[in-house]
Amino acid sequence: MKKLSIILLSAFLIAQNVFARQAAFNGQNYSINLSYNETASPGDAVFMRMKVTRSKSGKADLSAFTARLELFVDGKAVRSSDFYNLGKASKAGKTMLTGVPLSTWWTKENKCQLKIVYSISEEEKKEFTLPFYLDNKSFISETIKLDESNTAIKTDTSTKRMEQISRLNSILETINPQNVYSLKPFKLPVESARRTSYFSDRRVYEYTGGSSSTSLHNGIDFGVPTGTEVRCASEGKVVLAEDRISTGFSVVVEHLPGLYSLYYHMNELKVKAGDNVKAGTLLGYSGATGLATGPHLHWEVRLNLEAVNPDFFTQNFAFEPGEDQKN
């Protein structure tokens with residue numbers, strides 16, 4: 001097999017302030033072009049867009065081309081995700097996308113590397129590696145004193161609550177390769193810019209009985225009054241809309257394979273499971289239902305089940321052509 005030639009090009013997307021790496025790999029009968037974010041902060045994600053094209057003189061059938069992205073941290077494989085098709089594939093080539101979440105516990109000191117494993121039809125698997133780097137990021141630590149009502153919710157081990165948690169996790173771990181609804185940057189779900197809690201705050205919950213527990217805050221809290229309009233961040237499909245013990249009136253929307261946005265503690269819902277929604281569709285009105293110390297909207301994003309920073313998705317994370325000029 002002819003050895004792959006590798007070309008790495010750096011491109012700075014000024015409008016979004018995102019450092020994007022362009023990489024090109026040339027094989028005997030095909031070429032692979034990649035765009036991905038070479039750097040990210042802990043709690044963000046790595047997204048990679050791949051375009052594979054058959055050479056003019058080549059005869060390779062690329063319709064069955066498959067690929068997987070693997071993330072290595074300190075020499076150990078810690079995350080992986082299969083690429084899925086964007087648009088229609090053909091023998092002449094296809095465009096694909098995938099992403100993996102980054103733990104908030106990693107730091108700049110961790111040595112990272114990306115590996116792409118791919119195959120063409122029934123040929124043996126091939127692979128190549130790409131550089132990736134983590135930035136430093138600090139997170140807020142806070143102590144929250146719960147009243148009797150919220151203590152009861154936080155410590156609830158009832159069958160109903162456990163079933164609600166299990167059902168939600170089952171939804172969030174589902175990856176539907178064909179469900180590509182939108183590649184555009186997310187919009188904020190409320191007009192207010194006031195944030196009362198941030199992604200991955202380190203929290204200590206103090207209970208009325210004197211005990212406590214620790215956890216991470218998986219989303220962003222917007223301090224808005226009850227009745228504020230809550231709108232969908234991007235096009236997708238509602239996969240959950242119900243009243244839950246922990247999160248009150250809640251909505252979950254699927255946007256891409258393995259990528260979901262979540263909206264918690266609302267006072268009223270205006271959508272139901274199965275509804276198709278657009279960016280800006282009214283999902284409901286904010287409130288203080290479930291475990292809440294006051295009116296607010298909790299906005300969360302999950303990728304392959306893991307919580308990731310919602311702000312990451314307000315930029316051109318899928319490297320859509322032209323999106324950087326729009327924003």
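The values are calculated or read from the model by the stated rules, or taken from the named source; none is laboratory data. None of the values given here were measured: they were computed from a predicted structure. Cβ sites come from the backbone with ideal geometry, for glycine too, and all protein chains shown count toward neighbours. Quick note on the areas: whole protein, heavy atoms, side chains included, nothing else; ligands and nucleic acids left out. Shrake-Rupley method; radii C 1.70, N 1.55, O 1.52, S 1.80 Å.
Six or more apart or on different chains, Cβ atoms under 8 Å: show the pairs whose first residue is in the stretch 183-196 and touching a residue at least 60 places away in the same chain (Cβ under 8 Å) and whose second is of a type in the set (A, V, I, L, M) and open to solvent by 40 Å² or more (accessible area, probe 1.4 Å).
Taking only residues 6 or more apart or on different chains, the pairs are 184/279; 186/279; 187/279.
Do any strands (runs of 3 or more DSSP E) entirely within the stretch 47-146 hold 1 or more residues that are open to solvent by less than 10 Å² (accessible area, probe 1.4 Å) and touching a residue at least 40 places away in the same chain (Cβ under 8 Å), and if so, which?
Numbers: elements: 66-73, 76-82, 84-90, 93-101, 112-119, 126-134, 141-145.
It comes to 66-73, 93-101, 112-119, 126-134.
So, restricting to strands (runs of 3 or more DSSP E) that lie completely within the stretch 270-326, which ones have at least 1 residues that are in contact with a helix residue (DSSP H, G or I) (Cβ under 9 Å, 6 or more places away or on another chain) and open to solvent by less than 40 Å² (accessible area, probe 1.4 Å)?
Because the criterion is at least 1 residues that are in contact with a helix residue (DSSP H, G or I) (Cβ under 9 Å, 6 or more places away or on another chain) and open to solvent by less than 40 Å² (accessible area, probe 1.4 Å), the strands (runs of 3 or more DSSP E) in the stretch 270-326 that meet it are 297-303.
Can you spot a residue in the stretch 219-233 that is surrounded by fewer than 22 Cβ atoms within 10 Å (Cβ to Cβ), farther than 25 Å from residue 304 by Cβ, hydrophobic (A, V, I, L, M, F, W, C) and within 22 Å of the chain's Cα centre (by Cα)?
No, the stretch 219-233 contains no residue that is surrounded by fewer than 22 Cβ atoms within 10 Å (Cβ to Cβ), farther than 25 Å from residue 304 by Cβ, hydrophobic (A, V, I, L, M, F, W, C) and within 22 Å of the chain's Cα centre (by Cα).
What residue, among those in the stretch 147-174 that are surrounded by 15 or more Cβ atoms within 10 Å (Cβ to Cβ) and among the hydrophobic types (A, V, I, L, M, F, W, C), is farthest from the chain's Cα centre (by Cα)?
Step by step, filter the stretch 147-174, then rank; the result is 153.
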